[in-house]
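K.L.:
Structure incoming, see below.
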Amino acid sequence: MGTDMVLLGGMGLMAVSAVMMSGDVFAASPFTVTQRARDLHNLATSCGFVLIGIHLGFHTRGFLGKVYRT
């Protein structure tokens with residue numbers, strides 16, 4: 001449950017930093033495109049990949065148990 005919440009928060013951070021980076025798509029956004037937004041987005045996505053790997057690792061045993069159940 002704790003990993004799920006951290007993963008959800010990371011996904012929210014990725015979405016917010018993506019909006020901060022995209023000056024053309026969200027032209028009405030109050031955010032300006034800066035190097036800090038790009039750095040935040042890179043950090044959020046890198047951590048997101050690690051968290052997704054951990055999350056999938058937690059579910060692997062249950063998934064394989066269902067696949068190989070005969």
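K.L.:
Quick check: is even one residue across the stretch 59-69 assigned to a loop (DSSP other than H, G, I, E, B) and at pLDDT 85 or above?
P.N.:
Within the stretch 59-69, one or more residues are assigned to a loop (DSSP other than H, G, I, E, B) and at pLDDT 85 or above.
K.L.:
While we're on this one: Which residues, taken from the stretch 22-56, are at pLDDT below 85 and of a type in the set (Val, Ile, Thr)?
P.N.:
Scanning the stretch 22-56 gives Val25, Thr32, Val33, Thr34.
K.L.:
Going through Phe58, Phe49 one at a time, which residue ends up being touching a residue at least 12 places away in the same chain (Cβ under 8 Å) and open to solvent by 70 Å² or more (accessible area, probe 1.4 Å)?
P.N.:
Phe58
The values are calculated or read from the model by the stated rules, or taken from the named source; none is laboratory data. Remember, predicted model here, so these are calculated numbers, not experimental data. Don't worry about glycine lacking a Cβ; one is built from the backbone with ideal geometry, like all the others, and counts go over all protein chains shown. Surface accessibility is based on the protein's heavy atoms, side chains included, excluding ligands, DNA and RNA. Shrake-Rupley method; radii C 1.70, N 1.55, O 1.52, S 1.80 Å.
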